[in-house]
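Following: one structure in structure tokens, then a few remarks.
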Amino acid sequence: MKKKFVIGIFLLLILFVVIMKFPYFMDESKKIYIQKLPNVKIKETFSGNADDVIDEFIVKYIESSDFRYDDFTSSFVLIPSKHKYNEFETVVHHTFDTKTSGNEITYYIAYKCVDGNFINEIFGCDVSGNVPASITLKKVKGIENQYKVTKFLFQKEGHLYCCPIEEIFDNKIIIEYQAENYNRELTKKLHKKERAYLKSVGKDVKIVYDYDLNDIMEDTEFIESGYDYLEDEGDFIENFNDKGYPDWIGTRERLEKGEWYIYKAEQKEKDKGEYIVTYTKTDESGNILEQYKVNANSKGYEVKKVV
């Protein structure tokens, strides 16, 4: 009886410590997992009007960045990605309000990001939802239209370290943000940037937002038998995707050093559960510059270079 009593007291003590320390653990969790990027330590200076600077910063350091956690500084480091898969990427935003403090201006905004690629002879675009954010710009002394970004708070699905919307906006702006009456304005801005890009590269193709792509090797038999190329470490589809080829059946056009190249993926079913996938790179005139054939089945695959 005495032993049970001691054990009970001991368990109560542990419970008491956990309850007392819970707020501490939550605070520490916030520091690690809900980092708000309050102090943006980026040496780069941005040129242009404030709206263009905001869009440029978000594209370069938020939408096209590798977010890396730095154990030494206990913060996230923004590093622009060196490997861009999108042919076109831009951001547009709507400003709800601004606050000025000395030579710094904070903008309370909602932004959209669009990715565009020339695929299957169309300009296929993926558009994000409306992302709430606040961004603080510091004017560079003595130089007109020169800014540094000193603070950035945002909330984006999939980023565990983004802060709650109440820490970005006050109640009035939250209501405006959720009403989404600014959507038409953002859509117009996106269309304007997309059309300007198509004109700049001499392309006259249809802009499509909802499109279906047939994935390579989408074979349920492979998956059911425990072999899925899309999840395999030695996935040839991913390897060819890194070379510029699409991971769908069709084409992707890419601008490289001022020249357009067409990367094409074709698929033929040789026998049931066995495929030949052909990857071909051509120039705009149709000259074959590179070609591979992959013989694949549920047991594995063999890559053969033809050209």
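Among the listed pairs K139/K192; K151/K193; K199/K268; K138/K243; K99/K203, which are separated by more than 31 Å between their Cα atoms? Don't skip to the answer; put the middle values down first.
Values: K139/K192 28 Å; K151/K193 26 Å; K199/K268 36 Å; K138/K243 40 Å; K99/K203 41 Å.
Listed pairs above 31 Å: K199/K268; K138/K243; K99/K203.
Give, in nm to one decimal, the length gained when the segment between E259 and K151 is fully stretched (0.36 nm per residue of separation minus the Cα-Cα distance).
Full extension of this stretch gives 35.0 nm more.
Using a 1.4 Å probe over the heavy atoms of the protein chains, calculate the carbon and sulfur portion of the accessible area of the stretch 252-293 as a whole percent. Reported share for carbon and sulfur atoms: 40 percent. For the stretch 127-186, applying the loop criterion from DSSP together with a ceiling of 12 other beta carbons within 10 Å to the GluC sites (Glu not before Pro) yields E144, E157.
The values are calculated or read from the model by the stated rules, or taken from the named source; none is laboratory data. Since we're looking at a predicted model, the values are computed, not measured. Counting neighbours? That spans all protein chains shown, and the Cβs are built from the backbone with ideal geometry, glycine included. Only protein heavy atoms, including side chains, enter the accessible area calculation; ligands, DNA and RNA are left aside. Shrake-Rupley method; radii C 1.70, N 1.55, O 1.52, S 1.80 Å.
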